[in-house]
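The values are calculated or read from the model by the stated rules, or taken from the named source; none is laboratory data. It should be emphasised that the depicted structure is a prediction, and the values quoted were computed from it without experimental measurement. Positions of Cβ are generated from backbone atoms using ideal geometry, with glycine treated the same way; all protein chains shown enter the neighbour counts.
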Amino acid sequence: MNEDILCIERFLAGEEEGFEALVRKYQDRVLNIVYSLIGRDRESEDIAQEVFLKVYHHLSSFRQRSQFSTWLYRIVMNTTYDFLRKRRNYTSDEGAIKNSVALLEGPREAVLTKEKAEIIRKALGSIPLKFRAAVVLKDIEGLSYIDISKVLRCSIGTVESKIYRARQLLKTQLLKSEGGAI
Amino acid sequence: MIKCAKVKRLLSRYLDKEADKADTELVESHLDNCLLCKQELSALSQVKGIIIRKQRKSLPQDYLVCRLREEIAGEKHTQGSFSWLTGMGNLAHRLIPVPVAAIALSIAFLLITSNQPVSKYSLEEHLLSGTQTTTETALALILGEQS
């Protein structure tokens, strides 16, 4: 039997340890998806906590028609979308990109890894959420197109075009950084 | 040009090794002869590489578990308080008919008694007067009917 299913059954039988094992297994994945989508440290942790609280309260309604991870990532997406909707952060962050270009001004050798990470974060933040979500699930989490289509509830063709569009936009943004990132 | 547009749409899928055999062959045969699409694939591949190599965040193993334990314990405590309040609420709800019935009965009693003529001549006075007392007279006096 699948390891996740065993944990779920332990939890449903009254062992909190089953739930905690799921948290330990998925916490970094959830955190990295959320962080890649919103680009804020502290709030990413809060959203990750909220995601697992929802899992805790709704695990009994998980029908095992899909993999647990697919169900979990759907909760991650919905919780993150809700957060961004409340923050009205759906628009692209052009200012952030300008800053990222500024970061790369100067000798290329002086550009630190941290700064590059910042450029990538801002470049990701600059593309529309619908494209960002698809490319994050693909390149950060390594999901297949079919799994992404299940998480985002869309066709594989839509996933394909979203990922392509996301990479094109990222390419444009990263090229703006005068060859620093690409 | 039409072929380029078609191939470009397949490039991400090809890059992610998600294209089927026919599409893979189509892309590869086109890339052999098209420098622009080859450059596009190279750029997309670099973007993918940058995102994949992006620094990952990591939490201490029990960090989130501890936060969740606290949060869940807090929720249970709050729920406990609420269930006590709810219990009190239910009890109050169940007991509401008692005072309502008492008030209704009191009002009815007051209405009935206020309509009754007050007997100025009680049974006791009648008995003391030494006049003959029939059952009918006694009842009339008890019920407040003047004789």
Flag if residue B:29 is among the hydroxyl-bearing types (Ser, Thr, Tyr), modelled with pLDDT of 90 or more and out of contact with any helix residue (DSSP H, G or I) (no Cβ under 8 Å at 6 or more places or on another chain): yes
Some residue of segment B:49-64 being more than 7 Å from every other protein chain (Cβ to nearest Cβ) and either at pLDDT 95 or above or loosely packed, with under 12 Cβ neighbours inside 10 Å (or both): yes
Subset of segment B:63-78 [of a type in the set (Phe, Trp, Tyr) and in contact with a Leu (Cβ under 9 Å, 6 or more places away or on another chain)]: none
Tally, over segment A:21-49, of residues that are part of a helix (DSSP H, G or I) and surrounded by fewer than 18 Cβ atoms within 10 Å (Cβ to Cβ): 7
Selection count where residues are in a helix (DSSP H, G or I) and under 16 Å from residue A:22 (Cα atoms), scope segment A:62-84: 9
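Listed here are the residues, each with its yes/no results for (1) surrounded by 19 or more Cβ atoms within 10 Å (Cβ to Cβ); (2) aromatic (Phe, Trp, Tyr); (3) within 14 Å of chain A (Cβ to nearest Cβ).
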residue: B:7; (1), (2), (3): yes, no, yes
residue: B:12; (1), (2), (3): yes, no, yes
residue: B:20; (1), (2), (3): no, no, yes
residue: B:26; (1), (2), (3): no, no, no
residue: B:29; (1), (2), (3): no, no, no
residue: B:32; (1), (2), (3): no, no, no
residue: B:39; (1), (2), (3): no, no, yes
Residue identified as out of contact with any helix residue (DSSP H, G or I) (no Cβ under 7 Å at 6 or more places or on another chain), of a type in the set (A, V, I, L, M, F, W, C) and modelled with pLDDT of 80 or more among A:169, A:143, A:175: A:175
